[in-house]
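Q: Below you'll find the structure I mean.
The values are calculated or read from the model by the stated rules, or taken from the named source; none is laboratory data. Computed from a predicted model, the values in this text were never measured in an experiment. Quick reminder, even Gly has a Cβ in these numbers, built from the backbone with ideal geometry, and neighbours come from all protein chains shown. These accessible areas exclude ligands, DNA and RNA; they are computed on the full protein's heavy atoms, side chains included. Shrake-Rupley method; radii C 1.70, N 1.55, O 1.52, S 1.80 Å.
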Amino acid sequence: MLVAVSVDMEGASQLRNVRETFGCMPEYWQAGKTWLEADVAAACDGLLAGGASELVVLDHHGGNTVNVSGESLPPGARLETWHVYELREHGVDAMFQVGYHARGGVDGFLSHTYMPGLRLRVGGELISESHARAWAADAPLLGVVGNDRHHETLGSLAGTPYLIVQESLGRDAMRPVFSDPQDGLDAIRSFAYECARDGASAAAVEAPTEVTFEASMPNGRDVVDDMAGAGWARVGDVEFAVDLETWLDSRGPLAAAMSAAVAPFMPYWLTGFASADEASAADQERVAQLVMIFDAWAAELHPQWYTEAADPFAGGVAERLGAP
């Protein structure tokens, strides 16, 4: 059984704050990356012990280019850059998700959907990254490791085996379910083992067909042409919709929506650091701006859906940045 291990970061078992998720910030190298790699290695150990013959680890976190190093993985697991919409072509039999967080608008630790401000609905259901990637994989979703509020808001994925490793204390803080990090890793390993052991009987996730895909974002007025170019129709002030025959047809529209939602942040974005030394040599003025942006973003509760234009930056940060 070839299993794709889809890795995000904000739902890692010992992660404590938003600064641990960005490769340009020292907290990422001091704690965040280490915690994430330990969770992923534990999950891989369990999946292999439970019967998976081969694992490909897909790094789906955008806070740095490479968040999991190949050296941190056990034998039998390897990093790949396969696109999630092409996993069937590579012979992937199942998916397992590690480090997952709740969708945007949920009052949970660092909740979001791909990008700050992006909201997605499919057939009227607000969806998370777990939904979109599981549907794209077109394979059984063996299990999910992550945040409590994500578990509570899984909607159509409810019933998927789930290990809660974080208890949200609002959006900017969480309490680890396992106060001893080793206990958390043991729990992840055991959970992954059970998921792989039962994998032969796991049903494929049923992806939506003949459905309306919707997106909203606070800066929607500014990206109408970009969205239209990917097939989206503007259906409200900051709302868009496109009809899909199958979920595979969402690949282009989803990529365009992600690019549109992150556009206000791109002048400040920094990524692609291979070491703490590289990160410390980055433009520290931009790092300070990014810290200000995401500290404020993490501290606020945001709407479940946007129906009118709003400031994409939280907490009056735009004025301090001098952003238009």
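Q: Restricting to region 108-127, and then to whatever is within 20 Å of VAL223 (Cβ to Cβ) and among the hydroxyl-bearing types (Ser, Thr, Tyr), can you tell me which residue is surrounded by the fewest Cβ atoms within 10 Å (Cβ to Cβ)?
A: TYR114
Q: Taking region 80-107, which residues are among the aliphatic types (A, V, I, L, M) and open to solvent by less than 10 Å² (accessible area, probe 1.4 Å)? Give the derivation first.
A: Within region 80-107, the subset among the aliphatic types (A, V, I, L, M) is 84, 87, 92, 94-95, 98, 102, 106.
Within region 80-107, LEU87, VAL92, ALA94, MET95, VAL98, ALA102, VAL106 qualify.
Q: Are there any pairs with C-beta distances below 7 angstrom linking a residue in region 209-236 that is closer than 20 Å to THR113 by Cβ to a residue that is acidic (Asp, Glu) and open to solvent by 40 Å² or more (accessible area, probe 1.4 Å), with the two at least 6 apart or on different chains, and if so which?
A: THR212/ASP243; PRO218/ASP311; GLY220/ASP237; ARG221/ASP237
Q: Additional query: Out of all the residues in region 44-77, which are in a loop (DSSP other than H, G, I, E, B) and free of Cβ contacts under 8 Å to residues at least 40 places away in the same chain? Lay out the reasoning, then the answer.
A: Here is the first cut: in region 44-77, the ones in a loop (DSSP other than H, G, I, E, B) are 50-53, 60-69, 73-76.
Correct list: SER69, LEU73, PRO74, PRO75, GLY76.
Q: Only one of GLN182, GLN166 is farther than 23 Å from THR209 by Cα and open to solvent by 10 Å² or more (accessible area, probe 1.4 Å); which? Break it down stepwise before answering.
A: Values: GLN166 fails: open to solvent by 10 Å² or more (accessible area, probe 1.4 Å).
Selected residue: GLN182, the only one of GLN182, GLN166 that is farther than 23 Å from THR209 by Cα and open to solvent by 10 Å² or more (accessible area, probe 1.4 Å).
Q: Of the residues ALA203, ALA274, which single one is at pLDDT below 95, touching a Pro at 6+ places or on another chain (Cβ under 7 Å) and closer than 30 Å to LEU48 by Cα?
A: Values: ALA274 fails: touching a Pro at 6+ places or on another chain (Cβ under 7 Å).
On inspection, the qualifying residue turns out to be ALA203.
Q: Quick one: would you say LEU120 is part of a strand (DSSP E or B), touching a residue at least 12 places away in the same chain (Cβ under 8 Å) and under 23 Å from PRO161 (Cβ atoms)? Lay out the reasoning, then the answer.
A: Working: part of a strand (DSSP E or B): yes; touching a residue at least 12 places away in the same chain (Cβ under 8 Å): yes; under 23 Å from PRO161 (Cβ atoms): no.
Criteria not met by LEU120.
Q: Also, I was wondering about something else. So is GLU37 part of a helix (DSSP H, G or I), open to solvent by 10 Å² or more (accessible area, probe 1.4 Å), free of Cβ contacts under 8 Å to residues at least 60 places away in the same chain and more than 24 Å from THR113 (Cα to Cα) or not? Show your work before the answer.
A: On the way: part of a helix (DSSP H, G or I): yes; open to solvent by 10 Å² or more (accessible area, probe 1.4 Å): yes; free of Cβ contacts under 8 Å to residues at least 60 places away in the same chain: yes; more than 24 Å from THR113 (Cα to Cα): no.
No; evaluated as a whole, the condition is false for this residue.
Q: Within region 1-34, which residues are small (Gly, Ala, Ser) and open to solvent by 10 Å² or more (accessible area, probe 1.4 Å)?
A: Going residue by residue through region 1-34, those that are small (Gly, Ala, Ser) are 4, 6, 11-13, 23, 31-32.
Within region 1-34, ALA31 is the sole residue that qualifies.
Q: Restricting to region 127-148, and then to whatever is more than 14 Å from the chain's Cα centre (by Cα) and not aliphatic (A, V, I, L, M), can you tell me which residue is nearest to ALA102 (Cα to Cα)?
A: Residue satisfying both the conditions and the ranking: ASP148.
Q: Still on this structure, please answer the following. Could you give every pair whose Cβ atoms fall below 8 Å, whose first residue belongs to region 78-106 and is farther than 15 Å from TYR162 by Cβ and assigned to a strand (DSSP E or B), and whose second residue is open to solvent by 30 Å² or more (accessible area, probe 1.4 Å) and among the acidic types (Asp, Glu), counting only separations of at least 6 or pairs across chains?
A: LEU79/ASP59
Q: Would region 153-160 turn up any residue that is of a type in the set (S, T, N, Q), assigned to a helix (DSSP H, G or I) and either open to solvent by 50 Å² or more (accessible area, probe 1.4 Å) or in contact with an Asp or Glu (Cβ under 9 Å, 6 or more places away or on another chain) (or both)? Before the answer, list the steps.
A: Residues of region 153-160 of a type in the set (S, T, N, Q): 153, 156, 160.
Cutting the leftovers down to assigned to a helix (DSSP H, G or I) gives us 156.
Going one step further and asking which of them are either open to solvent by 50 Å² or more (accessible area, probe 1.4 Å) or in contact with an Asp or Glu (Cβ under 9 Å, 6 or more places away or on another chain) (or both), we end up with 156.
Taking every residue of region 153-160 in turn, at least one turns out to be of a type in the set (S, T, N, Q), assigned to a helix (DSSP H, G or I) and either open to solvent by 50 Å² or more (accessible area, probe 1.4 Å) or in contact with an Asp or Glu (Cβ under 9 Å, 6 or more places away or on another chain) (or both).
Q: Another one. Give the residue that is least open to solvent (accessible area, probe 1.4 Å), with candidates limited to residues of region 270-291 that are closer than 10 Å to CYS24 by Cβ and polar (S, T, N, Q).
A: THR271
Q: Something else now. Could you go through region 316-323 and let me know if any residue there is at pLDDT below 95, more than 16 Å from GLY117 (Cα to Cα) and of a type in the set (A, V, I, L, M, F, W, C).
A: yes
Q: For the condition basic (Lys, Arg), open to solvent by 30 Å² or more (accessible area, probe 1.4 Å), assigned to a helix (DSSP H, G or I) and touching a residue at least 12 places away in the same chain (Cβ under 8 Å), what is the one hit in ARG149, ARG133? Quick ask: steps written out before the conclusion?
A: On the way: ARG133 fails: open to solvent by 30 Å² or more (accessible area, probe 1.4 Å).
On inspection, the qualifying residue turns out to be ARG149.
Q: So is TRP305 in contact (Cβ under 8 Å) with a residue 24 or more places away in the chain and touching a helix residue (DSSP H, G or I) at 6+ places or on another chain (Cβ under 8 Å) or not?
A: Working: in contact (Cβ under 8 Å) with a residue 24 or more places away in the chain: yes; touching a helix residue (DSSP H, G or I) at 6+ places or on another chain (Cβ under 8 Å): no.
The answer is no for TRP305.
Q: Give the residue that is surrounded by the most Cβ atoms within 10 Å (Cβ to Cβ), with candidates limited to residues of region 48-58 that are under 9 Å from GLY76 (Cβ atoms) and out of contact with any Cys (no Cβ under 7 Å at 6 or more places or on another chain).
A: Initially, region 48-58 is screened for residues under 9 Å from GLY76 (Cβ atoms), giving 48, 52-55.
After this cut, where a residue has to be out of contact with any Cys (no Cβ under 7 Å at 6 or more places or on another chain) as well, the list is 48, 52-54.
Details: LEU48: 20, ALA52: 26, SER53: 12, GLU54: 15.
The extreme case among them is ALA52.
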